[in-house]
Amino acid sequence: SVYGSSSGICSSDTGSVTRVNDDIRARPLYANFVGSDIYISHHTNAGGGGAARGTETYRDSAMQHPAHVANSLALANAVQNSMIANIRDMWDPCWVSRGVKDSAGGFGEIRIPNRPAILIELAFHDGCNPSAVGCGAKDTDALTNNYFRSVS
């Protein structure tokens, strides 16, 4: 089973802590199963203490399938650059690019796929105090805006 690949539990049991690894592994294993060309995992970020801003994209230099490391880096750079250009052009000219980073085996979503894989952290969701629109606005203002989500 694609879903029970870590715990071996293929039933509908959802309360088990062991299912967390199943959830992380299921999406990249499914991408392998269907033969997708690339794998992109979309996330929102946290841990910035409410003050951090911006978009960062991860690639993995320690992938289980090392043949995809170089193409994952190229994909990460292309997506990061394109997203930042779009957001700055259509939403906020001061949007922060946090760059492309290496997860070095830390994220199962991009370590497992047998294809080029990246993980996008679009914006920080842990700064919930409302602020002005445009330069200096909190990422949470953007994340709750339909237009922002359409351009990013």
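The table for this structure:
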item: Residue check, Pro66 of a type outside the set (Val, Ile, Thr) and at pLDDT 95 or above; result: yes
item: Unmet criterion (only one of (1) open to solvent by less than 40 Å² (accessible area, probe 1.4 Å); (2) modelled with pLDDT of 90 or more) for Lys101; result: (1)
item: Residues of segment 32-58 that turn out to be farther than 16 Å from Glu121 by Cβ and outside any loop (DSSP other than H, G, I, E, B), as a count; result: 3
item: Condition met for Gly49 (open to solvent by less than 60 Å² (accessible area, probe 1.4 Å), of a type in the set (Gly, Ala, Ser) and out of contact with any Leu (no Cβ under 9 Å at 6 or more places or on another chain)); result: no
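The values are calculated or read from the model by the stated rules, or taken from the named source; none is laboratory data. All figures in this text were calculated on a predicted structure; none of them were measured in a lab. Note: ideal-geometry Cβ built from the backbone for every residue, glycine included; neighbour counts use all protein chains shown. When the accessible area is computed, the model is the full protein with side chains, heavy atoms only, and any ligands, DNA or RNA have been set aside. Shrake-Rupley method; radii C 1.70, N 1.55, O 1.52, S 1.80 Å.
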